[in-house]
Amino acid sequence: MTGDIDAAKGLGWFSVGLGAVEIAAPEWLGDRIDVGRHPSLVRAFGLREMMAGLWLLANQKPSAGLWARVAGDAMDLAALGAALRNSRARGRVAGAIAMVAGVTALDALYARRLQAHGV
């Protein structure tokens, strides 16, 4: 179980880092994954991401923070799915979708495992 907690904390640090990029450089990130320039939306997503990561790192029960990340991942996937329809570089958006889906699977896996142990 210690490994699961360490993985959850790693996902928390990932959230903090990703959120910082989304807040500090929303246009750059939007250009990289071809979702257009929506700095306010990307910053809002970044704030949500960073808050979920900090909650995960500070909480004694990391499963709650992981479930918050799963909910945020669902929002990200919905936004990326909408962006996919308008993208000129669909491969970039599809790549971002694949990455978010992979992280969502990790979030859900560790959330279930830790929740089963009451953590």
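None of the figures in this text is laboratory data; all of them are computed from the coordinates on show. Predicted model, so just to flag it, every value in this text is computed and none were measured. Neighbour counts run over all protein chains shown; Cβ positions are idealised from the backbone, glycine included.
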Value of Rg to Rh for the stretch 64-113 (Rh from inverse mean 1/r over Cα pairs, i.e. Kirkwood)
1.07
Distance (nanometres) between label positions extended 7 Å along Cα→Cβ at LEU57 and MET75:
1.9 nm
If you line up the long axis of helix 90-116 against the longest principal axis of the chain, both from Cα atoms, how many degrees apart are they, to the nearest 10?
10 degrees
What is the distance in Å between the Cα centroid of the stretch 46-100 and that of the stretch 1-45?
8 Å
If the viscosity is 0.890 mPa s and the temperature 25 °C, what translational diffusion coefficient in µm²/s does Stokes-Einstein give for the stretch 2-116 when Rh comes from Kirkwood over Cα pairs?
173 µm²/s
Length-normalised contact order of the chain, Cα under 8 Å, at least 6 apart, in percent, tallies to 30 percent
Trypsin sites (Lys or Arg not before Pro) lying in DSSP loop within the stretch 1-70, provided at most 14 other Cβ fall within 10 Å:
ARG37
Give, as a single signed number, the net charge of other residues whose beta carbon lies under 15 Å from the beta carbon of GLY91, with Lys and Arg counted +1 and Asp and Glu -1.
+3
So the FRET efficiency between ASP6 and ARG43, C-beta based with R0 = 25 Å and rounded to 0.05, is 0.25
Helix-derived [θ] at 222 nm for the chain: sum -39500 (n - 2.57) over DSSP H runs of at least 4, divide by residue count, nearest 500?
-30000 deg cm²/dmol
